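Notes for the one structure printed next.
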Amino acid sequence: MNKRTLIGPLGRFNAAIRWLAARTHHLETKLLWRFPPQPVWHDHFSDQYWEMAYRRTSHWLGRGVFSRMVLKPGGSVLELCCGDGLLFETFFSTSAATVLAVDSDVAAIGHARRFNAAPGVEYRVHDILGGLPSGHFDNIVWAGSLAYFTEAEIVTILRAAVVSLGATAILSGPTVASNLAVPAL
């Protein structure tokens with residue numbers, strides 16, 4: 001048997017698997033987001049298999065791409081509210097020396113450990129409302145979850161982040177648009 005006799009059927013099989021994965025991820029996304037209660041995190045593979053492939057949207061990648069651009073190579077990174085861990089595993093773990101990703105949701109951390117494990121990445125259940133994990137970090141990434149906190153909670157978390165960041169460290173991460181005015185720290 002030569003390579004050519006395998007490539008055609010294998011290509012068709014892979015196309016069928018991609019089609020099926022897109023449809024099941026689309027269904028999962030609909031079930032999660034259209035009916036209450038809505039989740040506070042989700043599996044970003046649904047974005048990869050459905051949003052990007054069929055809706056031709058890639059906005060969800062911006063959170064990882066733009067924060068990756070300011071990471072200090074070989075530095076230490078703390079990600080707040082990491083959710084499923086895809087951003088950390090895909091964008092941050094290959095640049096940072098030490099990586100700590102935290103979320104208060106036990107299911108999110110379990111999912112991250114199972115599907116987005118990477119060398120040097122530690123996923124930890126931690127509620128940032130009780131303070132940030134101890135240590136100093138070269139980068140803190142807080143991407144996409146500010147909408148789940150009150151103005152007072154955001155100020156408290158940002159003050160804790162300032163303490164955890166070194167003099168030349170960077171806090172990064174986009175969030176949804178808001179008219180919230182955060183007072184000076």
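Scanning the range 62-113 for residues that are in contact with a Gly (Cβ under 7 Å, 6 or more places away or on another chain) and of a type in the set (Phe, Trp, Tyr) yields a total of 1.
Scanning the range 43-73 for residues that are outside any helix (DSSP H, G or I) and either over 16 Å from residue 95 (Cα atoms) or assigned by TED's automatic domain parsing to the domain that holds residue 18 (or both) yields 43, 44, 56, 57, 58. Among the residues examined, residue 46 qualifies as modelled with pLDDT under 90 and of a type in the set (Ser, Thr, Tyr). Would you check if there is a residue in the range 21-41 being over 24 Å from residue 82 (Cα atoms) and either in contact with a helix residue (DSSP H, G or I) (Cβ under 7 Å, 6 or more places away or on another chain) or surrounded by 12 or more Cβ atoms within 10 Å (Cβ to Cβ) (or both)? Yes, the range 21-41 contains at least one residue that is over 24 Å from residue 82 (Cα atoms) and either in contact with a helix residue (DSSP H, G or I) (Cβ under 7 Å, 6 or more places away or on another chain) or surrounded by 12 or more Cβ atoms within 10 Å (Cβ to Cβ) (or both).
Among the residues of the range 64-118, those that are touching a residue at least 12 places away in the same chain (Cβ under 8 Å), over 22 Å from residue 159 (Cα atoms) and basic (Lys, Arg) comprise 68, 113. For the range 27-69, a residue qualifies if it is under 23 Å from residue 106 (Cα atoms) and among the basic types (Lys, Arg), and the qualifying residues are 30, 34, 63.
Scanning the range 125-143 for residues that are within 14 Å of residue 88 (Cβ to Cβ) and either exposed (fewer than 14 other Cβ atoms within 10 Å of the Cβ) or of a type in the set (Phe, Trp, Tyr) (or both) gives 137, 142.
Looking at residue 65, is it surrounded by fewer than 16 Cβ atoms within 10 Å (Cβ to Cβ), over 26 Å from residue 169 (Cβ atoms) and of a type in the set (A, V, I, L, M)? Taking the combined requirement at face value, the residue does not satisfy it.
The number of residues in the range 44-59 that are surrounded by 13 or more Cβ atoms within 10 Å (Cβ to Cβ) and out of contact with any Gly (no Cβ under 9 Å at 6 or more places or on another chain) comes to 10.
The values are calculated or read from the model by the stated rules, or taken from the named source; none is laboratory data. Keep in mind it's a predicted model, so treat the numbers as computed, not measured. Because the Cβ atoms are built from the backbone with ideal geometry, glycine has one as well, and the counts that use them run over all protein chains shown.
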